[in-house]
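Derivation of every value follows stated rules applied to the coordinates shown; laboratory data play no part. None of these values were measured; they are calculated from a predicted model. Neighbour counts are summed over all protein chains in view; Cβ atoms, including those assigned to glycine, are modelled from backbone coordinates with ideal geometry.
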Amino acid sequence: MTEQQKNTLPVTETRLERKKEPFDPGYFLRKNVVPIFFLVLCIIGGYYSGLSLPFLANEIITRMARNSFLVISLIIPILAGMGLNFGIVLGAMAGQFAYVVTVNWEMAGLSGFLMTCILSVPLAIVFGWLTGRLFNRAKGKEMISGIILGFFANGLYQLVCLFFMGRIIPIRVPSMLLSTGVGLRNTLDIKAMHYALDNIWKVRIKIPGFVFPIMIPMATIAVIVVLCLFIRFIVKTKLGQEFRAVGQDRHIAEVAGIKVDRVRIIAIIFSTVLAGLGQVIFLQNLGNINTYGSHVQVGTFAVAAILIGGASVKKATISQALLGTLLFHTLFIVSPLAGKNLVGDAMIGEYFRVFVTYGVIGIALALHAWQSLQQRKTVTVEAASEPVSGGGK
Amino acid sequence: MNRENSHKPEWSERIKEWARDFGVARSIILLFLVILLVAALIMGLPMSQLFSSILSRFGMNAILVLAMIPTIQSGTGPNFGLPLGIACGLVAAVLSIELDMRGFQALFFAVGLGALLGAVTGYLYGLLLNKVKGQEMTVGTYFGFSIVSLMCIFWFMAPFKSPEMIWPYGGSGLRVTIALQDRFDKVLNNFMEFEVFGASIPTGLLLFVAVFCLIVWIFMRSKTGVALSTVGANPRFAESCGLSVNKYRVIGSVFSQALAAVGIVIYAQTFGFIQLYMAPLYMAFFAVASVLIGGASLNRATVWHAIIGCFLFQSILVVSMPVANVLVEENLSEVARIIISNGIILYALTRREAGGDVR
C-alpha cells in the first residue's frame, strides 16, 4: 500500500502542472463538457418552452436565491474527500424541526425566521456529528451510506412527526395537527414567516411591456454571498488545509499528524449545519412546508445541481455550485413546457427532467469511479510517467 | 467460502458462525417480530389468515431477493441496479397482454421473455459494473433510478393498443396500474391451492419459488458458480488461478438481472396488478434489506439467507399492519418498513468487516 501511495504523488503533481499550460480550447471544452452540454440543453429548452425572458429571469432569480445555499453546503465534504454528501437530508430535517418549534411558539416575521435559524443549528450539529461518525465507520462507502441514511432518517422523521408530535411532544397550536390530535398535517403553514428574509430588501426592475417586474431578493443574495466568502475563508484557514489534506490522502494526512476521523466529522457537521440553514431559507421563500416531502429530494437535487455545474466527486468550487444551480433550475422551469410544446405533453418534459436528475448523478458517479479505477491501474502498472487518465478531469 | 456443502460434523461450527453473523441489528428485528406476534396473539387476530398472507407475500418477493445472491457472491455487492431487470420483466409482462395471452401461457411467456431481456441488459450492466469497481452500489443506485425514470418516458410513449392497458378516455401512454384479472392474476397462487387449519397454502407459487431456489442453489454449486464466488471472495487469488474476474462479475450481473425480471412477473402475478412508472423506484432497497436480514453480508450471501430474510421481512410487514391498525394508526407499518429496511442496509454498510472498498 505505502509504495502505491508514494506513487500517487507524481500523478497529482503532473495534474497541477497541466493547469498552468497556456489556454487550449480543446482541453477547456473537455474539462467543461458537462456544464456546456447542459447550457445547450437549457437554451434549446428555453427556446421551445415559449416563456418570455423576463418571466424566465424572474423564476431563475427566485430559485437561485432559494437553492444556492443548499448546493453550496455540499462543497466542504467534497474537499475532505468524502464525496457528495447525500446526508444533507438530515440538515434539511433539522431546519424543518426548527420551523415546527417556532410555528408552535407562534413566532412571526424576521424574529421568527432568525429564531428558526438559531434553533436549527444545534440540531444540525447533532445530526452532523452522528452522520460523520457513521461515515467514519463506512469509509470508502460514504455516498451509498449517505443515500441510505437519508432514507433511514426519513423513516425516523416520519415516526417522530406522525406518532410523537401531539402525543409525546406537546404541540400548542392545534391547526398544526391532524384532526385526531396526533401527528403533523401534510402541509405546515408558515405564512407568518413567508419572505421574512427576502422582504428585507427587494429590488424591483421594471421591464417595459411586461406586467410583472423582475424582483431581486437582495437580502437573500447577500446572505449567499456572505456564505461564499465564508467558504473561501474556511478553505484558507488551518482547518481548511486539513480538510484538503484529508481529501488528498487519508493515510498521509494521518501520518502528518492530522486527526483524520475528527476532521471528517467536522466537515460533515459544517455541511449539515449549512444545509439546515439552507432549508430554512428555502422554506421561508416557499411559505409552507410539505411536512413529509420537502426534505426528501433535497440531497438528490443539490447533488445533481453541483454535478451539472461541472463539479466531480473529488473537486468542487463555489462557482461550479452556483452555475450548477442556475442550469439545473433553468432546466427545472423549462422542461415541462418544452416537453409540452415539442411532444405534446408536459409529463414527458417532467419525466425527462427526473431522468436527467438521476442520470446526471449516475453518470458522474460512474465516470468518477471509472477514472479512479484507471488511475489505480496506471499506478499499479507503474507507468505513471505520463498519466493520460488524470488529464480528463 | 461455502459451508452449506459440509455435513454433520460442522453443524456446531455453522451455528456459531450463524450466531456471529446474526449481530445486533438482526436480533432487534427478530425481537420486534416476536413482540408483534405476541401482540397479534393477545389481540386475537386471525393467525391462519396472517399465515397464509405471509406465505403469499413471501412467494411474491422471494425471487427478487434471490436476485441479490449472484451479484453479492461475484463481489459487486447487493444489486442496487435491480430496477433494470424489473423494467425488463415489466416490458415482457405488458407485451404478454398486448399479444392477448392468458393464463399460464401469458405467465410463462412473460417469465421467459423477461429472463431473456434481463440477461441481455444484465450483460450490459455487468460491463458498466466492471468499469466502476469499488463504487458499484452508489452507481447502481442511481443507475437504477435513472432507468426507472427513463422507462417512465417509455411507458408514456410506447404504442400499445390493448384497451386494458391504455387510458379509457384518450390520455396518452399506459396506465399507472394494469389489472391482471383476466390475464395471469394469481394463476400460480391458485394452482393446487389447499387449506390447512383455515390457512390457504399457495402451492403453485411456493413450488415455483422452490424451483428457482433450486436453480440458484445448483448454479452456485456448479463450476461456474464456485468460480464466481471465488472471484467475489478474493479477486486477486481468482486472477492468479486463471479466472477472469471481469467475466464472472458479468455472469453474476446477467443472472441477477434475469432473476429480477422473473421476480417482478411473479410479484405482479401474486399482487394482481402490474405497477408501472415510479413504482419500481425503491424495490431494490427492500430486496437488499431482505437478504441482509436473512444473515447475508455485503460480500457473502446464500440461498438460505435469501429465504430466511424474505420470510422474516415479509412476516414483519404482514403482522405489523393489523397490529398497528389496532394500536395506533395505519401508517405505522409503512414507517416501520422504511426504518427496518434502511436500518439493516446501514448496519451492513458500517460493519467493520471487508466491504465494497477493499479492491
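Send over the Kirkwood Rh of segment B:100-245, from the inverse of the averaged 1/r over different Cα pairs, rounded to one decimal Å. Each step should come with its number before you reach the end.
On the way: mean 1/r = 0.0515 Å⁻¹.
That comes to 19.4 Å for segment B:100-245.
I need B:ILE42, A:ILE333 ordered by Cβ neighbour count within 10 Å, fewest first. Display every interim value, and only then the final one.
Numbers: B:ILE42 9, A:ILE333 21.
In order of increasing Cβ crowding within 10 Å: B:ILE42, A:ILE333.
Does segment A:224-334 come out rounded, prolate or oblate by the C-alpha gyration tensor, with a ≥ b ≥ c the root eigenvalues, rounded set by a/c under 1.5 and, if not, prolate when a/b is larger than b/c and oblate if not?
On the way: a/c = 2.19, a/b = 1.80, b/c = 1.22.
In terms of gyration-tensor shape, prolate.
Using the beta-carbon distance between B:VAL38 and B:MET278 and R0 = 45 Å, what value does 1/(1 + (r/R0)^6) give for FRET efficiency, to the nearest 0.05?
Details: r = 37 Å, r/R0 = 0.82.
So the FRET efficiency works out to roughly 0.75.
Mind checking Rg over Rh on segment B:240-299, alpha carbons, Kirkwood formula for Rh? Intermediate values should be presented prior to the final figure.
On the way: Rg = 15.1 Å, Rh = 13.9 Å.
Expressed as Rg/Rh, it is 1.09.
At 7 Å along Cα-to-Cβ for each site, give me the label-to-label distance between B:VAL226 and B:ARG351 in nm.
Here the modelled spin labels are 2.5 nm apart.
For chain B, state the average projected area of the convex hull of the C-alpha atoms over all orientations, rounded to one decimal in nm². Please list the in-between numbers first.
Details: hull surface 76.0 nm².
The number I arrive at for chain B is 19.0 nm².
Take the alpha-carbon centre of segment B:203-260, take the same for segment A:295-329, and report the distance between them in whole Å.
That distance is 38 Å.
If you look at just the Cα atoms of the protein assembly as shown, how large are its Rg and its Dmax in Å?
Radius of gyration, then largest Cα-Cα span, for the protein assembly as shown: 26.7, 89 Å.
Quick check: residue separation of A:LEU39 and A:ARG133 times 0.36 nm, minus the Cα distance between them. What number comes out in nm?
On the way: separation 94, 0.36 × 94 = 33.84 nm, distance 3.83 nm.
My answer for the length gained is 30.0 nm.
What does the charge count near B:TYR347 come to, summing +1 for each Lys or Arg and -1 for each Asp or Glu among other residues with Cβ under 11 Å from its Cβ? Please report the intermediate quantities before stating the final value.
On the way: positive: A:ARG137, B:ARG26, B:ARG351; negative: none.
Summing Lys and Arg as +1 and Asp and Glu as -1 gives +3.
Relative to the longest principal axis of chain A, what angle (0 to 90°, nearest 10) does the C-alpha long axis of helix A:53-72 take?
70
Taking the number of other C-beta atoms within 10 Å as the exposure measure, put B:LEU349, A:LEU84 in order starting with the fewest.
The fewest-first ordering by Cβ neighbours comes to B:LEU349, A:LEU84.
What distance in nm separates the two pseudo spin-label positions at B:PHE160 and A:TRP105, each 7 Å out from Cα along the beta-carbon direction?
Distance between the two pseudo-spin positions: 5.4 nm.
Of A:THR237, A:LEU184, A:SER49, which is farthest towards the positive pole of chain A's charge dipole, taken about the Cα centre with +1 and -1 on the beta-carbons of Lys, Arg and Asp, Glu respectively?
Checked the options; the winner is A:THR237.
Among B:ILE307, B:ILE35, what is the fewest-to-most ranking by other Cβ atoms within 10 Å?
Values: B:ILE307 20, B:ILE35 13.
The order, fewest Cβ neighbours first, is B:ILE35, B:ILE307.
Is there a simple number for the mean count of other chain Cβ atoms within 10 Å of the Cβ of residues in B:125-133, and what is it? Kindly include the intermediate steps, with their values, before the conclusion.
Working: counts 0, 0, 0, 4, 2, 2, 7, 9, 5.
Across the residues of B:125-133, the mean count of other-chain Cβ atoms within 10 Å is 3.
Where the eigenvalues come from the Cα gyration tensor of chain A, what are the semi-axes √(5λ) of the equivalent ellipsoid, largest first, in whole Å? Mind showing how you got there, number by number?
Details: eigenvalues 266, 158, 71 Å².
Its equivalent ellipsoid spans semi-axes of 36, 28, 19 Å.
Tell me what chain B gives for mean residue ellipticity at 222 nm when only DSSP H runs of n ≥ 4 count, each as -39,500 (n - 2.57), the sum divided by the residue total, rounded to 500 deg cm²/dmol.
-23000 deg cm²/dmol
When the helix-only estimate is applied to chain A (DSSP H runs of n ≥ 4, each -39,500 (n - 2.57), divided by the residue count), what is the mean residue ellipticity at 222 nm, nearest 500 deg cm²/dmol? Kindly include the intermediate steps, with their values, before the conclusion.
Values: 15 runs with 267 residues, N = 393.
Calculated at 222 nm, the ellipticity per residue is -23000 deg cm²/dmol.
Using label points projected 7 Å from each Cα along Cα→Cβ, tell me how many nm separate B:ALA210 and B:ARG236, to one decimal.
4.5
Can you tell me the Rg and the Dmax, both Å, for the Cα atoms in segment A:162-232?
Cα radius of gyration and Dmax of segment A:162-232 are 19.5, 56 Å respectively.
Between segment A:224-289 and segment B:178-201, how many Å separate their Cα centres?
Distance between centres, Cα-based: 56 Å.
Under 8 Å for C-alpha pairs, at least 6 residues apart: give me the relative contact order for segment A:321-376, rounded to a whole percent. Display every interim value, and only then the final one.
Details: 26 pairs, mean separation 11.7, N = 56.
Across segment A:321-376, relative contact order equals 21 percent.
Can you find, among A:ALA153, A:GLY140, A:LEU342, the residue farthest towards the positive end of the dipole of chain A? Put +1 on the C-beta of Lys and Arg, -1 on that of Asp and Glu.
A:GLY140
Could you list the residues of segment A:52-93 with an amide nitrogen less than 18 Å from a label point located 7 Å from the Cα of A:MET215 in the Cα-to-C-beta direction?
Hits in segment A:52-93 for A:MET215 at 18 Å: A:54-68.
When only Cα pairs under 8 Å and 6 or more residues apart are kept, what is the percent relative contact order across chain B? Don't skip to the answer; put the middle values down first.
On the way: 590 pairs, mean separation 113.2, N = 359.
RCO, chain B: 32 percent.
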